[in-house]
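Inspection log for the structure reproduced underneath, given as structure tokens.
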Amino acid sequence: MSTPMVSMRGVEKHFGDLHVLRSIDLDVAPREVVVVIGPSGSGKSTLCRTINRLEPIDAGEIRVDGELLPVEGPQLAQLRADVGMVFQSFNLFGHLSVLDNVMLAPLKVRKVARATARDEAMALLERVGIADKADRVPAQLSGGQQQRAAIARSLAMHPKLMLFDEPTSALDPEMVNEVLEVMASLAADGMTMVVVTHEMGFARRAADRVVFMDAGSIVEEAPPAEFFDATRSERARSFLSNVLAH
Amino acid sequence: MSALIENLDPLLRALGTTVLILVVSAVGSLVLGVLVTVARVSPIPVLRGAAFAYVQVFVNIPLLALLLLFVFALPDAGLLMPLTTTVIVVLVVYEAAYVAEAVRSGINTVAAGQVEAARALGLRLSQTLRFVVVPQAVRAVVQPLGNVMIALLMNTALAATVGVVELTSAVNKVNLVAAQPIPIFTAAGLTYMALALAIGLAAGRIEKKVAIHR
């Protein structure tokens, strides 16, 4: 088997007295789409954020593409440049146009020529369907458009791995689908993805594997068909019956 | 009115001193205040503590007490400076504490998510500050800094108490001879108002210039 894109071994994390991650072991293969679900407070967001070290861990080790996560510094910045991240609250840079948001990191981190960066940014905005908003600032866009811009901003760095931290949780219901469409097309193109979400439909449709977390531990992991139709653990069953009841 | 016209020359010279103290102290306190803020938000605990202590000390001592201390204690300690210079030094260290507080509150208006997004894209800390944090913090900081500068202008009048002949001291002298307090002090008040208005307008223009156009 090839080197896993993400490899977590015995990962532990505390927030003060709260034990948020308990001996997490998880591998994500290249081109695999792993969807992480679980009740709020289960540690799934924290798990996602440890992979590019936005949250440092207390014990264990995390490798990205075979490389141990470096400590904070230029090397970590380099690794983060190769790992895209999409946030629940979009976090587009408020003072920059959508186009400049997408171009900033290629220009400053990759030192790409301005004309090249511009062409590529426009192509990405075209791909996520908001090329006509290129000159607007984020506040002028709807939530769904902002999140699609944020995805384009990550893609501009040609990441080998994309992390999605509840990308649709802050969106109005009618905007969820436009973001999920973009994510599903990325998955279909073979992007390696770790997706923390409450969208069970997306998990069923786009995931290669579903990971269910509760109270800081991975309770169950299985391909989506097996996870949803033949749930093994009692905790996952009661979680699913709560979220799928309506 | 005649008292003002007869003494126009020394009054204008005193106004010049006021403006000189204002401009030099403004530049000095802005520079020092930004340095204190950088220390205040730096990852080094010693620097953070020192900057915190600096702000606490100077925000909690009356300016007049500080002026008297510097003017009478420094020569005793063997450091003799011209009076105007001493006043400028005191105003710089005093106002820098307020500048630091204003700038820090501006940085706090930039959401933590902005920094996280920049770091997640691979920007280094210095790039994150330069391209993401500072351009957004500036917008929130212009107006409060304008207010600090107006307060600085008013505080220059305290220089009169330690013998510097600036605007307040000069009009006081003219009044002692001419005994026309209403026109004399009204004129001085209007002059301060005009200067404060100029600072306020300048701050407003700068704020418009750096605003996000939407």
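The values are calculated or read from the model by the stated rules, or taken from the named source; none is laboratory data. Predicted model only: the values in this text are computed from it and were never measured. In this analysis, Cβ positions are derived from the backbone assuming ideal geometry, glycine residues included, and neighbour counts consider all displayed protein chains. Keep in mind that these areas ignore ligands, DNA and RNA; they rest on the heavy atoms of the full protein, side chains included. Shrake-Rupley method; radii C 1.70, N 1.55, O 1.52, S 1.80 Å.
Considering segment A:62-80, and only residues there that are open to solvent by less than 70 Å² (accessible area, probe 1.4 Å) and facing chain B (nearest Cβ under 9 Å), the residue that is farthest from A:GLU166 (Cα to Cα) turns out to be A:GLY73. Just one of (1) of a type in the set (Ser, Thr, Tyr); (2) away from every other protein chain (no Cβ under 14 Å); (3) open to solvent by 50 Å² or more (accessible area, probe 1.4 Å) fails for B:TYR94. It is (3).
Table: residues versus (1) in contact (Cβ under 8 Å) with a residue 12 or more places away in the chain; (2) of a type outside the set (Gly, Ala, Ser); (3) open to solvent by less than 30 Å² (accessible area, probe 1.4 Å).
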position	(1), (2), (3)
B:ALA112	no, no, no
B:ARG124	no, yes, no
B:VAL141	yes, yes, yes
B:MET154	yes, yes, no
B:GLY163	yes, no, no
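Filtering segment A:228-244 to residues that are open to solvent by less than 60 Å² (accessible area, probe 1.4 Å) and either touching a residue at least 24 places away in the same chain (Cβ under 8 Å) or among the basic types (Lys, Arg) (or both) leaves A:PHE228, A:ALA236, A:PHE239, A:LEU240.
Using the structure shown, decide if B:VAL133 is open to solvent by less than 20 Å² (accessible area, probe 1.4 Å), out of contact with any Phe, Trp or Tyr (no Cβ under 9 Å at 6 or more places or on another chain), more than 8 Å from every other protein chain (Cβ to nearest Cβ) and touching a residue at least 40 places away in the same chain (Cβ under 8 Å).
On the way: open to solvent by less than 20 Å² (accessible area, probe 1.4 Å): yes; out of contact with any Phe, Trp or Tyr (no Cβ under 9 Å at 6 or more places or on another chain): yes; more than 8 Å from every other protein chain (Cβ to nearest Cβ): yes; touching a residue at least 40 places away in the same chain (Cβ under 8 Å): no.
It is false that B:VAL133 is open to solvent by less than 20 Å² (accessible area, probe 1.4 Å), out of contact with any Phe, Trp or Tyr (no Cβ under 9 Å at 6 or more places or on another chain), more than 8 Å from every other protein chain (Cβ to nearest Cβ) and touching a residue at least 40 places away in the same chain (Cβ under 8 Å).
Scanning segment B:32-58 for residues that are open to solvent by 50 Å² or more (accessible area, probe 1.4 Å), at pLDDT below 95 and assigned to a helix (DSSP H, G or I) turns up B:VAL34, B:LEU35, B:VAL38, B:VAL41, B:PRO45, B:VAL46, B:LEU47, B:ARG48. Of all positions in segment A:81-90, at least one carries a residue that is out of contact with any strand residue (DSSP E or B) (no Cβ under 6 Å at 6 or more places or on another chain), touching a residue at least 12 places away in the same chain (Cβ under 8 Å) and open to solvent by less than 30 Å² (accessible area, probe 1.4 Å).
Checked against the criterion of being of a type outside the set (Asp, Glu) and within 30 Å of A:VAL128 (Cβ to Cβ), segment A:228-236 contains one or more residues that satisfy it. None of B:ALA100, B:ALA118 is within 14 Å of chain A (Cβ to nearest Cβ) and of a type outside the set (Val, Ile, Thr) except B:ALA118. The number of residues in segment A:214-246 that are touching a helix residue (DSSP H, G or I) at 6+ places or on another chain (Cβ under 6 Å) and under 30 Å from A:HIS14 (Cβ atoms) comes to 4.
For residues in segment A:6-61 being basic (Lys, Arg) and away from chain B (no Cβ under 14 Å), which is nearest to A:PRO223 (Cα to Cα)? Steps first, please.
Initially, segment A:6-61 is screened for residues basic (Lys, Arg), giving A:9, A:13, A:22, A:31, A:44, A:49, A:53.
Those still in the list that are away from chain B (no Cβ under 14 Å) too: A:9, A:13, A:22, A:31, A:44.
Numbers: A:ARG9: 21, A:LYS13: 27, A:ARG22: 22, A:ARG31: 15, A:LYS44: 18 Å.
Ranking the qualifying residues of segment A:6-61, first place goes to A:ARG31.
Of the residues making up segment A:52-97, just one is more than 20 Å from the chain's Cα centre (by Cα), of a type in the set (A, V, I, L, M) and more than 22 Å from A:ASP27 (Cα to Cα), namely A:LEU96. Quick check on segment A:13-31: of everything there that is of a type in the set (D, E, K, R) and in contact with a strand residue (DSSP E or B) (Cβ under 7 Å, 6 or more places away or on another chain), which residue is surrounded by the most Cβ atoms within 10 Å (Cβ to Cβ)? Per the stated criteria, the residue is A:LYS13.
Restricting segment A:122-140 to residues that are touching a Lys or Arg at 6+ places or on another chain (Cβ under 7 Å) and not hydrophobic (A, V, I, L, M, F, W, C), the residue that is nearest to the other protein chains (Cβ to nearest Cβ) is A:GLN140.
Hey, could you check segment A:102-141 for residues that are among the β-branched types (Val, Ile, Thr) and within 23 Å of the chain's Cα centre (by Cα) and say which is surrounded by the most Cβ atoms within 10 Å (Cβ to Cβ)? Steps first, answer last, please.
Residues of segment A:102-141 that are among the β-branched types (Val, Ile, Thr), as a first pass: A:102, A:109, A:112, A:116, A:128, A:130, A:137.
Subset that is within 23 Å of the chain's Cα centre (by Cα): A:102, A:109, A:128, A:130.
On the way: A:VAL102: 30, A:VAL109: 19, A:VAL128: 23, A:ILE130: 21.
Here the answer is A:VAL102.
Under the condition of being out of contact with any Lys or Arg (no Cβ under 9 Å at 6 or more places or on another chain) and in contact (Cβ under 8 Å) with a residue 12 or more places away in the chain, the residues counted in segment A:42-74 number 8.
Just one of the numbered conditions (1) assigned to a loop (DSSP other than H, G, I, E, B); (2) more than 14 Å from chain B (Cβ to nearest Cβ) is not true of A:ASP119: (1).
Being touching a strand residue (DSSP E or B) at 6+ places or on another chain (Cβ under 9 Å), of a type in the set (Ser, Thr, Tyr) and under 19 Å from A:ARG31 (Cβ atoms) is a property that A:THR192 has.
When you scan segment A:201-223, how many residues do you find that are touching a Pro at 6+ places or on another chain (Cβ under 9 Å) and touching a residue at least 24 places away in the same chain (Cβ under 8 Å)? Can you show your working first?
Keep residues of segment A:201-223 that are touching a Pro at 6+ places or on another chain (Cβ under 9 Å), which gives A:203-210, A:213-215.
Now narrow it down to the ones that are touching a residue at least 24 places away in the same chain (Cβ under 8 Å): A:203-204, A:206-210, A:213-215.
Counting residues in segment A:201-223 that are touching a Pro at 6+ places or on another chain (Cβ under 9 Å) and touching a residue at least 24 places away in the same chain (Cβ under 8 Å) gives 10.
Just for segment B:59-81: of the residues that are in a helix (DSSP H, G or I) and open to solvent by 80 Å² or more (accessible area, probe 1.4 Å), which one is farthest from B:VAL164 (Cα to Cα)? Among those residues, the one meeting the criterion is B:ASP76. Flag: A:ASP165 does not match the condition of being acidic (Asp, Glu), surrounded by 15 or more Cβ atoms within 10 Å (Cβ to Cβ) and farther than 27 Å from A:GLY38 by Cβ.
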